[in-house]
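> Pasting a structure below so you can have a look.
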Amino acid sequence: MASTRKSLLNTMMKHRKRLEAVPMRVQFALDPNRFRRFSASAGDILLDYSKNRIDEKAMEALFDIARAADVEGRRKAMWAGKHINVSENRAVMHMALRYQGDRPVKVDGRDVMPEVREVLAHIKLFAGQVRDGTVKGATGESFTDIVNIGIGGSDLGPAMATLALAPYTRPDLRAHYVSNVDGAHLHDTLKGLDPKRTMFIIASKTFTTDETMTNAHSARGWIARALGDAAVRDHFAAVSTNLKACDDFGIRPDRIFGFWDWVGGRYSVWSAIGLPVAIAVGFDNFAAFLKGAYEMDQHFLKTRLDRNLPVIMGMLGVWYRNAWGFATHAVLPYDQRLSRFTAYLQQQDMESNGKSVTLEGKPLAYDSGPVVWGEPGTVGQHSFYQLIHQGTSVIPCDFLIAANPHEHMPPHHDKLVANVLAQSEALMLGKTKDEVVAELKAQGLDKEQIKALTPHKLFPGNRPSNTLMYPKLTPEMLGSLVALYEHKVFVQGVVWDVDSFDQWGVELGKQLAKALLPKVQGTARNEGNDASTKGLLAHYRSLKVSE
Ligand code: F6P
């Protein structure tokens, strides 16, 4: 299996060789139809992938590789509820959470849709009651602040979505997100909040995650100190697959929202983990978010590979990782409200495909997932874009831009659009020596000055990017964009033959932190660790001011 994959990936090398000789700026000059030939749509989303180091032959080879890796078969297996998460022996069925049809969706022979709809109805009821003030705190006042306590998939998705959908929120009902075990996070969030009007949602698939449970207990203490122990039941809700642990924590049964082990943490924003989003933007907008994702599911399921956005983006990622050796991928939304989108994608992509063994547990003979990073434009332009344009590493970029803003503030949006277009154009074209020299001459510089400055002002160009353009960042659009990236990651995981749905890499740190805690607290002897860890522990204890 691994050797077949390796030879498939090697076929890309001959296409790379050909394309090395024809930079993109030459290809654009030769072909006025390049945009038309290398762009595709899913619903209202346009993907322009013409500014990539590709031609038709290379794309055909990439689609052949997707076919040979059985992307279509694995996609079918996922939808059929097969246990494609092999190392955890689980189905992967988060698509059921946003399914809009009326067919049964089966996992292990059971239709999961009745339960999905039941939980959705519960979310609708509860979110509506919090929003209209029917649900009240212990003192009879309605809630103004919802604090979600969770981490990873139980935080990044809803936090990203709430920010993205800010135009749909109300100023008198605010959602906050606390994830870090660093007490500063909870402390600074609660500063200024009124316990009488604050509700906590404890979001944890397992209800055992140390960061979340530590924050949850501190939050409970905050409520109990202000309003008494009996108030706790009125100020907490929980979302988890571990219903018993929620009950043990003291959450009222009608405020416990369940989900299922076939929903991976980083794919859970569509489940009751989205409850704070539904409260913040209203259930109808949350439902539109789900619908947008469903539409992308349908596109991914039904569109032929060469017009299929997740497949095109996924295979371009494989191309750059394996044929060109590019180690990172930047996601650069020209949309301030998507400022947590890249952080969200980091978990989705890097926790999924940051693997080095095949499904069968054999070492990979090729590279898998890239480092995903980025910040919103235009902020990044004044920070790290220097390296993207002139650094020694080539970094394929995704640019995201809405045609219409939510606010009427000319000329802001036109400037934003001009900037995003300028960046992909500059990366593709670069600036040649002749162009630099002509520019410096026109500025009146003498020969010596031109000679000295020219190397600094050259842009190599031929740097790849995709541009995703959509009409407006609505809830439905956000759902489609998130699902697009989910499926992109899926396609890549299939080609790389890795388990995109487990996350064993986070375990070792957790284990060691548990073992180190008594040593940090000084209740166990500082022994048994490596010299560095021992030295740091000793130094910590010497600096620590006793409480
Ligand atoms: O970081 C590992 C992880 O298991 C993620 O996959 C998950 O999203 C996160 O921890 C939180 O887990 P839980 O929802 O069980 O608290």
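The values are calculated or read from the model by the stated rules, or taken from the named source; none is laboratory data. This structure is a prediction, so every number in the text was calculated from the model and none was measured. Using ideal geometry, Cβ is built from the backbone for each residue, glycine included, and neighbour counts are taken over all protein chains shown. The area values use the complete protein model at the heavy-atom level, side chains included, leaving out ligands, DNA and RNA. Shrake-Rupley method; radii C 1.70, N 1.55, O 1.52, S 1.80 Å.
> Output the residues belonging to segment 54-84 that are more than 20 Å from HIS299 (Cβ to Cβ), among the basic types (Lys, Arg) and over 25 Å from the mean Cα position of the chain (by Cα).
LYS57
> Would you mind finding the one in LEU316, LEU345, LEU290, LEU338 that is touching a residue at least 60 places away in the same chain (Cβ under 8 Å) and within 16 Å of the ligand (Cβ to nearest atom)?
Exactly one of LEU316, LEU345, LEU290, LEU338 is touching a residue at least 60 places away in the same chain (Cβ under 8 Å) and within 16 Å of the ligand (Cβ to nearest atom), namely LEU345.
> How many residues does segment 494-547 contain that are among the acidic types (Asp, Glu) and within 33 Å of the chain's Cα centre (by Cα)?
Qualifying residue count for the region: 4.
> Also: Of the conditions (1) of a type outside the set (S, T, N, Q); (2) in contact with a Leu (Cβ under 9 Å, 6 or more places away or on another chain); (3) outside the structural domain of ALA159 (by TED's automatic domain parsing); (4) surrounded by 17 or more Cβ atoms within 10 Å (Cβ to Cβ), VAL86 fails just one. Which one is it?
All conditions are met except number (4).
> Going by the conditions given, is GLU375 acidic (Asp, Glu), in a loop (DSSP other than H, G, I, E, B) and under 21 Å from the mean Cα position of the chain (by Cα)?
Yes.
> A further question follows. Quick check on THR328: is it closer than 28 Å to ALA161 by Cβ, polar (S, T, N, Q) and in contact with a Leu (Cβ under 9 Å, 6 or more places away or on another chain)?
no
> Restricting to segment 168-185, name every residue that is of a type outside the set (Asp, Glu) and assigned to a loop (DSSP other than H, G, I, E, B).
THR169, PRO171, SER179, ASN180, VAL181
> Further, regarding this structure: Among the residues of segment 348-386, write down those that are more than 30 Å from PRO405 (Cβ to Cβ) and within 16 Å of the ligand (Cβ to nearest atom).
Residues satisfying the conditions are MET350, GLU351, SER352, ASN353, GLY354, LYS355, GLY369.
> On the basis of being within 16 Å of the ligand (Cβ to nearest atom) and not aliphatic (A, V, I, L, M), does ARG304 make the cut?
When the stated conditions are applied, ARG304 does not pass them.
> I'd like to know if segment 380-387 contains one or more residues that are within 27 Å of MET12 (Cβ to Cβ) and either in contact with a Leu (Cβ under 9 Å, 6 or more places away or on another chain) or open to solvent by 20 Å² or more (accessible area, probe 1.4 Å) (or both).
yes
Every residue, every condition in (1) more than 22 Å from the chain's Cα centre (by Cα); (2) surrounded by 19 or more Cβ atoms within 10 Å (Cβ to Cβ), yes or no:
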site: ALA343; (1), (2): no, no
site: ASP349; (1), (2): no, yes
site: SER352; (1), (2): no, yes
site: VAL371; (1), (2): no, no
site: HIS389; (1), (2): yes, no
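> Name every residue in segment 242-267 that is surrounded by fewer than 20 Cβ atoms within 10 Å (Cβ to Cβ) and either on the phi > 0 side of the Ramachandran plot or outside any helix (DSSP H, G or I) (or both), in order of residue number.
ASN242, GLY250, ARG252, GLY258, ASP261, listed by residue number.
> Moving on to the next point. Step by step: first the residues of segment 115-167, then only those that are within 16 Å of the ligand (Cβ to nearest atom) and part of a loop (DSSP other than H, G, I, E, B), then the one that is nearest to the chain's Cα centre (by Cα). Which residue is that?
ASP155
> Right, another one. Find the helices (runs of 4 or more DSSP H) located wholly in segment 282-352 whose residues include 1 or more that are in contact with a Cys (Cβ under 8 Å, 6 or more places away or on another chain), and list them.
none
> What's the number of the only condition in (1) assigned to a helix (DSSP H, G or I); (2) touching a residue at least 40 places away in the same chain (Cβ under 8 Å); (3) out of contact with any helix residue (DSSP H, G or I) (no Cβ under 7 Å at 6 or more places or on another chain) that VAL495 fails to meet?
Only one criterion in (1) assigned to a helix (DSSP H, G or I); (2) touching a residue at least 40 places away in the same chain (Cβ under 8 Å); (3) out of contact with any helix residue (DSSP H, G or I) (no Cβ under 7 Å at 6 or more places or on another chain) is unmet by VAL495, namely (3).
> Among the residues of segment 502-529, count how many are farther than 30 Å from PHE490 by Cβ, within 15 Å of the ligand (Cβ to nearest atom) and either open to solvent by 90 Å² or more (accessible area, probe 1.4 Å) or touching a Pro at 6+ places or on another chain (Cβ under 9 Å) (or both).
Total satisfying the criteria: 2.
> Looking only at helices (runs of 4 or more DSSP H) that fall completely inside segment 1-71, which ones have 3 or more residues that are open to solvent by less than 80 Å² (accessible area, probe 1.4 Å)?
Result: 2-20, 24-30, 56-68.
> Could you check segment 178-225 and list, in sequence order, the residues that are hydroxyl-bearing (Ser, Thr, Tyr), more than 13 Å from the ligand (Cβ to nearest atom) and open to solvent by 20 Å² or more (accessible area, probe 1.4 Å)?
THR189, SER218
> Output the qualifying pairs, or none if there are none: Cβ atoms under 6 angstrom, residues six or more apart or on different chains, first residue in segment 197-212 and over 13 Å from ASN180 (Cα atoms) and assigned to a strand (DSSP E or B), second residue within 7 Å of the ligand (Cβ to nearest atom) and of a type in the set (Asp, Glu).
Matching pairs, first to second residue: none at all.
> Please work out if ILE279 is over 24 Å from GLN129 (Cβ atoms), assigned to a helix (DSSP H, G or I), away from the ligand (no atom under 16 Å from the Cβ) and open to solvent by less than 10 Å² (accessible area, probe 1.4 Å).
When the stated conditions are applied, ILE279 does not pass them.
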